[in-house]
Amino acid sequence: MNPQPDNEPDNDDTPDEIILEGIKEGLKQAINGQTIPLSQMWEGIDVQDAESYQQPLDKIELLESLAGIRKSLEEFEQGKGIPLNQALAEFQEKYD
């Protein structure tokens, strides 16, 4: 579990007493053998396949790339860029 930074509100407003009671009850059940097999814990939970999970990530990456290109074009139009031949020359000088 990742702790939230101090400047972000805790969205879980469950009182500590109730959380502790739940932990105690879970421990009692485990000690008394009142558990369910791990394989049954996932029954009824829909898990995405890797391809379905990757598709939205790919779309986000594409949108971020397009936003970066758009920003670069706007900056160039505002005179904040350098000509392509100068950029290529600097790139070659640095990495050749």
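Quick notes on this structure:
- In the stretch 36-62, the residues that are charged (D, E, K, R), open to solvent by 100 Å² or more (accessible area, probe 1.4 Å) and under 19 Å from the mean Cα position of the chain (by Cα): Glu51, Lys59, Glu61
- Of the residues making up the stretch 63-88, those that are assigned to a helix (DSSP H, G or I) and open to solvent by 100 Å² or more (accessible area, probe 1.4 Å) are Leu63, Glu64, Arg70, Lys71, Leu73, Phe76, Glu77, Leu84, Asn85.
The values are calculated or read from the model by the stated rules, or taken from the named source; none is laboratory data. Remember, it's a predicted structure, so these values are computed and weren't measured experimentally. Accessible surface is based on the protein model in full, side chains and every heavy atom, while ligands, DNA and RNA are left aside. Shrake-Rupley method; radii C 1.70, N 1.55, O 1.52, S 1.80 Å.
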